[in-house]
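Written out below as structure tokens is the structure these notes cover.
Just so it is clear, none of the values below were taken in a lab; they were calculated from the coordinates. The shown structure was predicted, so the numbers you read here are calculated from the model rather than taken from an experiment. Counting neighbours? That spans all protein chains shown, and the Cβs are built from the backbone with ideal geometry, glycine included.
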Amino acid sequence: MARKLVVAIDGPAGAGKSTVAQLAAKELGYTYIDTGAMYRAVAWKAIKAGRPVTDEQILAAVSDIAVRLHYDGKVTQVFVDDEEVTGEIRTPEVSAVVSQVARLGPVREKMVEQQRHMAEAGGVLMDGRDIATHVLPSADVKIFLTASLEERAKRRWKEMREKGYDMTLEELEADIMRRDKADSEREISPLVQAADAELLDTTGMDIAAVVRAIVERCGR
Ligand code: DC
């Protein structure tokens, strides 16, 4: 049997990471770990304490949070303190505050510790912003997944429409740009392509082609 690898996939918002990473993990028989969902889970809990969300509220939320991901080989269910929040962490409200959450040191320390622990056994495919640079610097395969801003906004627009949200392409483009800027310019573990990561620009590629490209890089 082939050795079980540790695969790190990073990239900006809307690059399609979770869609393709999930499918690639399934094909490889690996566990998929969506680290963005973990930061979204913290944001969701912080919002519950009221808006506007303050840093104090976020730190209080993370201090005793239990985030659990359950990947069944197809989809990832997300639990916060045993309550399922899979759908609720993908709302525009959560997207609007998640960068504020993800820039705080105590939040990142807690999430990163848990992420490293989840990768210990190998046979994992983890996606996020700082996986190759910080969480799993010795990952076997490192991919930086991106696409043009227009294409990323279009993909998000389709996804949001399917979920019943009425957002314009311009709104989504602005949201993605704002998040990319916040995630790339933050002090702790900013979004950056690792020196040893391979760039995969998916502009114009369909989902199956991207999945194939990832699986091939894992030696299959
Ligand atoms: O991948 P996503 O859009 O669900 O991620 C949500 C936010 O979490 C994103 O704006 C940046 C942050 N994030 C991060 O800082 N580090 C990670 N490893 C994953 C996500």
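What to note about this one:
- Sequence-ordered 3J(HN,Hα) estimates for segment 144-155 from the Karplus curve with 6.51, -1.76 and 1.60 and θ = phi - 60° stand at 10, 9, 8, 6, 4, 4, 4, 5, 5, 5, 5, 4 Hz, glycine and proline given as x.
- With a cut-off of 9 Å between beta carbons, the residues surrounding ALA66 carry a summed charge of -2, where Lys and Arg count +1 and Asp and Glu -1.
- Mean separation of Cα contacts under 8 Å, 6 or more apart, over the residue count of the chain: relative contact order %: 33
- Residue order, fewest to most beta carbons within 10 Å, for SER148, SER189: SER148, SER189
- Pairs of lysines in the chain (C-alpha under 17 Å apart; 8 or more residues apart or interchain): 10
- Pairwise FRET efficiency - LYS163 versus ALA60, Cβ, R0 = 35 Å, nearest 0.05: 0.75
- With an a/c value of 1.5 or above and a/b larger than b/c for the gyration tensor axes a ≥ b ≥ c computed over the alpha-carbon atoms, segment 1-103 is described as prolate.
- Cut-off of 10 Å, at most 15 other beta carbons, DSSP loop: longest stretch of the chain lacking such GluC sites (Glu not before Pro): 1-119
- Computing FRET efficiency as 1/(1 + (r/R0)^6) for ALA121 and GLU171, where r is the C-beta to C-beta distance and R0 is 35 Å, gives about 0.30.
- Shape class for segment 146-220, computed from the alpha carbon gyration tensor (a ≥ b ≥ c): oblate, with a/c not under 1.5 and a/b at or below b/c.
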